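Encoded as structure tokens, the structure appears first; notes follow it.
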Amino acid sequence: MNAIETVNLRVWYGNNEVIKGVDLLIPQNVCFAIMGPSGCGKSTLLRTFNRLLELNEIARVEGDVKLFGRSVYKMNAVEVRRRVGMVFQIPNPFPHMSIYDNVALGVKYNKLVKSKKELDEVVEWALKKAALWDEVKDRLKDKASQLSGGQMQRLCIARALALKPDVLLMDEPTANLDPVSASKVEELIYELKKELTIVIVTHSPAQASRVSDYVAFLYMGKLIEIGKTEEVFENPKNELTERYLTGRMG
Ligand SMILES: Nc1ncnc2c1ncn2[C@@H]1O[C@H](COP(=O)(O)OP(=O)(O)OP(=O)(O)O)[C@@H](O)[C@H]1O
């Protein structure tokens, strides 16, 4: 079964149609990249997957998004957002909260544990999964704002993982990181996709080719091409894809 499926998905902001009938299938346990030039609708598409888009009052969605075969619109929105975690372009931990609380908060809110001991275990587990534990284990009470940008982004990944999601959405997760921190996040993606499905938005073809198994090329709200990353990069079927991959598109 596919992790995510969209069926004739359309999105408008007011009268402006920005996603124009997208059908795509995202298999389980892969890293799936959505690439395309600025403004083509990548972030908008991603935000339909966990129903985050409906928090925007002027956004209107038509069509369907299925999570493991079930329409997300027939599920509880809070449950959808627990199962489909998200990491953003600018690391957004709660800066005044401790490192520990940043990870623990959602776990408590979703009542996923019964005791403090269990909570400690989940926090440790998530920080280990996000490859941050060794750097923070002796300073869990420090404020998140005291971390570096790269550490903050891994903290946000830990915060999402602590809810044990099936899918992790990453919207340009390395765009604001230095190269070393960015490659740490890319290594993490490689490890994490063994256990969950990752959908990453990137405007960098190089990053898509490094991290993803499948790739979709979006252009002006339309899905131009989709396939195994190797095949799309080696032999793009659409001229627009080729122009994008060879840097001949703005
Ligand atoms: N909150 C909003 N209100 C109105 N229009 C919006 C809103 N967010 C995005 N748009 C418009 O929708 C279109 C798609 O934007 P979106 O952010 O999804 O593209 P993107 O491919 O992720 O771009 P980028 O790579 O620059 O982040 C753009 O024309 C943008 O101006």
Query - Complete set of residues in region 232-250 that are surrounded by fewer than 18 Cβ atoms within 10 Å (Cβ to Cβ) and not in a helix (DSSP H, G or I) - result: Asn235, Lys237, Asn238, Thr246, Gly247, Arg248, Met249, Gly250
Query raised in the report: Is it fair to say Ala208 is within 14 Å of Cys31 (Cβ to Cβ), part of a strand (DSSP E or B) and of a type outside the set (Lys, Arg)?
Result: no
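Yes/no per residue for (1) without any contact (Cβ under 8 Å) to a residue 12 or more places away in the chain; (2) surrounded by 14 or more Cβ atoms within 10 Å (Cβ to Cβ); (3) farther than 15 Å from Ala216 by Cα; (4) among the hydrophobic types (A, V, I, L, M, F, W, C):
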| residue | (1), (2), (3), (4) |
| --- | --- |
| Gly14 | no, no, yes, no |
| Lys20 | no, yes, no, no |
| Leu24 | no, yes, no, yes |
| Phe32 | no, yes, no, yes |
| Met35 | no, yes, no, yes |
| Lys42 | no, yes, no, no |
| Leu55 | yes, no, yes, yes |
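No value in this document is a laboratory result; all are computed from the given coordinates. Because the structure is a prediction, the values reported are computed rather than measured. Glycine also receives a Cβ, built like all others from the backbone with ideal geometry; neighbour counts cover every protein chain displayed.
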